[in-house]
Amino acid sequence: GSARLWNLNGKTQFEKLVCDKVYRAKNERGQKVAVTCVLFHPGGREFVFGTACGSIQIWNSKRVGTRPDRAVYSAHGQSKPIHSLVYSVDGLRLASRSMDDNTVKVWDAHKLSRSAQPIAICKGLSNDYEHCNAAFN
């Protein structure tokens, strides 16, 4: 899977916008994986996406790289997809939601890494619907 950034004032070809930034999601072993949700940081300097393999990946929106700047793999357990992501208003915290384990986990967005642990876990949040979300108050 991939995430693409489009510049609405960017280049066009045959009256269509040309996408010049493509970010390819990969799992811990470098294999392609589907993107399940995408969210911009409140400051706009980076964005995060959740994947079908359960990783949370933070990318710099100003440049395209082959690997994310920060990532935690298996955030909700091995192969448990991330269904929702939300930043706190100040951008310091990131909440992730997975329907497969019925939890919301809160992360320190600036310290996200392979070995990162959530700073809070809300358990027992069953979901009877196809979609789920989380929000900060």
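Taking 21 Å as the limit for the C-alpha separation, the pairs LYS80/LYS105; LYS21/LYS62; LYS62/LYS105; LYS32/LYS123; LYS32/LYS111 exceed it in the case of LYS62/LYS105; LYS32/LYS123; LYS32/LYS111. Ligands, DNA and RNA left out, the accessible area of the chain computed with a 1.4 Å probe is 48% carbon and sulfur. Put a plus charge on the Cβ of each Lys and Arg, a minus charge on the Cβ of each Asp and Glu, and nothing anywhere else: the dipole of the chain about its Cα centre is then about 560 debye. Ordering HIS110, HIS131 by accessible surface, largest first, gives HIS131, HIS110; the 1.4 Å probe counts only protein heavy atoms, with every chain in place. Here the chain carries DSSP beta bridges of which approximately 95% are antiparallel, counting only pairs with both residues inside.
Taking the Cβ of CYS122 as the centre, find all other residues whose Cβ is under 12 Å away and add up their charges (Lys, Arg: +1; Asp, Glu: -1). Net local charge, CYS122 excluded: +2.
Dipole of region 5-76, Cα-centred, from +1 at each Lys and Arg C-beta and -1 at each Asp and Glu C-beta, to the nearest 20 debye? So the magnitude is around 200 debye. Each Lys or Arg adds one and each Asp or Glu takes one away; over the other residues whose Cβ falls under 12 Å from the Cβ of ARG70, this sums to 0.
Pairs of Cα atoms nearer than 8 Å and 6+ residues apart set the relative contact order; for region 1-120 it is 17 percent. The residues of the chain expose, per residue, 59 Å² of accessible area to a 1.4 Å probe.
The values are calculated or read from the model by the stated rules, or taken from the named source; none is laboratory data. Computed from a predicted structure; not experimentally measured. Cβ: placed from backbone, ideal geometry, glycine included. Neighbour counts: every protein chain shown. Note: accessible area is taken over every heavy atom of the protein model, side chains too, but ligands, DNA and RNA are not part of it. Shrake-Rupley method; radii C 1.70, N 1.55, O 1.52, S 1.80 Å.
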